[in-house]
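Colleague: Supplied in structure tokens, the structure appears directly below.
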Amino acid sequence: MTARTGTAARVALVVLLALSFLVPVRAQSLPGDFVYLRDIDPSIIQDIRYATSNNFVGRPLAGYQAGECVVKREVGLRLKAVQQELAAQNLSLKMFDCYRPARASLDMVKWSQNGRETAAERRHNPKIPKTELFRLGYIASRSQHSTGAALDLTLVDLRADNSAKYDPAKTYADCTAPVEARAPEGSVDMGTGYDCTDPKGHTAAPSITPEQRAWRKRLVAAMARQGFVNYSKEWWHFSLPGAGGAAYDFPIQPRRN
């Protein structure tokens with residue numbers, strides 16, 4: 001590398017840090033303390049929505065090149081402990097999102113400002129215009145997910161019939177509708193679908209049934225026993241205090257066996 005090239009690279013790095021507080025990482029590698037969750041506990045079910053079209057944006061988000069849960073190692077080990085506790089109850093965790101490349105959060109910002117709102121998008125935010133989602137705290141331009149310490153997840157009853165699959169050609173009711181009318185998620189009925197930006201999606205929402213509330217409390221309690229903290233506006237969102245740090249932007253790539 002020439003001195004001139006090296007200087008340009010250093011300047012580019014400073015600009016990136018100043019603008020987005022990101023830590024660049026070489027492609028096709030993980031930082032030393034990040035791991036694929038499958039390498040920690042392959043029994044944990046994964047349904048990484050932002051690598052698919054089954055999400056509020058309606059397409060894969062930038063940086064999601066594979067549907068893999070990537071986390072900080074400590075987070076993964078604690079999830080394994082939660083899973084071991086749940087397995088004795090014929091339950092499993094199901095991961096919707098784990099580490100999120102910072103570029104994906106910026107992708108969300110662009111989506112919110114594109115001036116369009118389709119029926120499929122409204123399925124996830126039936127009462128709130130998408131331009132308001134950031135102001136109201138449902139989406140963040142710099143997400144804790146990008147530190148590897150935040151997670152979106154739910155519970156699966158392993159004794160139930162979880163075979164129903166999302167059909168992109170089908171019209172579903174919005175995320176606050178009864179479970180039989182909204183898009184199938186192959187999980188217990190938490191009262192709303194995942195990523196439901198509605199007061200009913202708040203963890204302590206009074207408008208859900210006693211059974212739905214019991215499932216939410218069960219999830220929160222199981223996660224809390226391993227130190228995870230729930231975000232009050234999203235029953236599915238948890239973080240591990242102290243495990244975060246800098247935000248990263250490396251893409252999620254297929255796991256190599």
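The values are calculated or read from the model by the stated rules, or taken from the named source; none is laboratory data. Please read all numbers here as calculations on a predicted model, not as lab measurements. Every residue, glycine as well, gets a Cβ built from its backbone with ideal geometry; the counts of neighbours run over all protein chains shown.
Colleague: Within the stretch 144-164, work out how many residues are closer than 26 Å to V71 by Cα, without any contact (Cβ under 8 Å) to a residue 60 or more places away in the chain and in a loop (DSSP other than H, G, I, E, B). Give the steps one after another, and end with the answer.
Modeller: Residues of the stretch 144-164 closer than 26 Å to V71 by Cα: 144-158, 162.
Filter again for without any contact (Cβ under 8 Å) to a residue 60 or more places away in the chain, leaving 145, 162.
If we keep only those that are in a loop (DSSP other than H, G, I, E, B) as well, we get 162.
The number of residues fulfilling the criteria is 1.
Colleague: Can you name every residue in the stretch 177-217 that is of a type in the set (K, R) and either under 25 Å from R159 (Cα atoms) or in contact with a helix residue (DSSP H, G or I) (Cβ under 9 Å, 6 or more places away or on another chain) (or both)? Walk me through it before giving the result.
Modeller: As a first pass, look at the stretch 177-217 and keep what is of a type in the set (K, R): 182, 200, 213, 216-217.
Answer for the stretch 177-217, where residues must be of a type in the set (K, R) and either under 25 Å from R159 (Cα atoms) or in contact with a helix residue (DSSP H, G or I) (Cβ under 9 Å, 6 or more places away or on another chain) (or both): R182, R213, R216, K217.
Colleague: Would you mention how many residues in the stretch 40-75 are touching a residue at least 60 places away in the same chain (Cβ under 8 Å), acidic (D, E) and in contact with a helix residue (DSSP H, G or I) (Cβ under 8 Å, 6 or more places away or on another chain)?
Modeller: The qualifying residues number 1.
Colleague: Those residues that are among the aliphatic types (A, V, I, L, M) and in contact (Cβ under 8 Å) with a residue 60 or more places away in the chain, I need them from the stretch 76-86; list them, please. Full working, then the answer.
Modeller: Filtering the stretch 76-86 for residues among the aliphatic types (A, V, I, L, M) gives 77, 79, 81-82, 86.
Of everything in the stretch 76-86, those that are among the aliphatic types (A, V, I, L, M) and in contact (Cβ under 8 Å) with a residue 60 or more places away in the chain turn out to be L79, A81, V82, L86.
Colleague: Does at least one position in the stretch 239-251 carry a residue that is closer than 26 Å to R122 by Cβ, modelled with pLDDT of 95 or more and surrounded by 14 or more Cβ atoms within 10 Å (Cβ to Cβ)?
Modeller: Just the residues of the stretch 239-251 that are closer than 26 Å to R122 by Cβ, to begin with: none.
No, the stretch 239-251 contains no residue that is closer than 26 Å to R122 by Cβ, modelled with pLDDT of 95 or more and surrounded by 14 or more Cβ atoms within 10 Å (Cβ to Cβ).
Colleague: I'd like to verify a number: residues in the stretch 133-148 that are over 14 Å from the mean Cα position of the chain (by Cα) and of a type in the set (D, E, K, R), how many?
Modeller: Of the residues in that region, 1 qualify.
Colleague: Looking only at residues in the stretch 199-238 that are of a type in the set (D, E, K, R) and under 18 Å from D97 (Cα atoms), which one is surrounded by the fewest Cβ atoms within 10 Å (Cβ to Cβ)?
Modeller: Step one: filter the stretch 199-238 for residues of a type in the set (D, E, K, R), giving 200, 211, 213, 216-218, 225, 233-234.
Those still in the list that are under 18 Å from D97 (Cα atoms) too: 216, 233-234.
Details: R216: 22, K233: 17, E234: 19.
Of everything passing the filter in the stretch 199-238, K233 is surrounded by the fewest Cβ atoms within 10 Å (Cβ to Cβ).
Colleague: Take G193 and tell me if it is surrounded by fewer than 17 Cβ atoms within 10 Å (Cβ to Cβ), out of contact with any Pro (no Cβ under 7 Å at 6 or more places or on another chain), part of a loop (DSSP other than H, G, I, E, B) and touching a residue at least 60 places away in the same chain (Cβ under 8 Å). Working first, answer last.
Modeller: Working: surrounded by fewer than 17 Cβ atoms within 10 Å (Cβ to Cβ): no; out of contact with any Pro (no Cβ under 7 Å at 6 or more places or on another chain): yes; part of a loop (DSSP other than H, G, I, E, B): yes; touching a residue at least 60 places away in the same chain (Cβ under 8 Å): yes.
Considered against the rule, which asks whether it is surrounded by fewer than 17 Cβ atoms within 10 Å (Cβ to Cβ), out of contact with any Pro (no Cβ under 7 Å at 6 or more places or on another chain), part of a loop (DSSP other than H, G, I, E, B) and touching a residue at least 60 places away in the same chain (Cβ under 8 Å), G193 comes out as no.
Colleague: Within the stretch 212-235, track down each residue that is in contact with an Asp or Glu (Cβ under 8 Å, 6 or more places away or on another chain) and under 14 Å from Q144 (Cβ atoms). Outline the logic, then answer.
Modeller: Restricting attention to the stretch 212-235, the residues satisfying the condition of being in contact with an Asp or Glu (Cβ under 8 Å, 6 or more places away or on another chain) are 212, 215, 222, 225, 234.
Within the stretch 212-235, E234 is the sole residue that qualifies.
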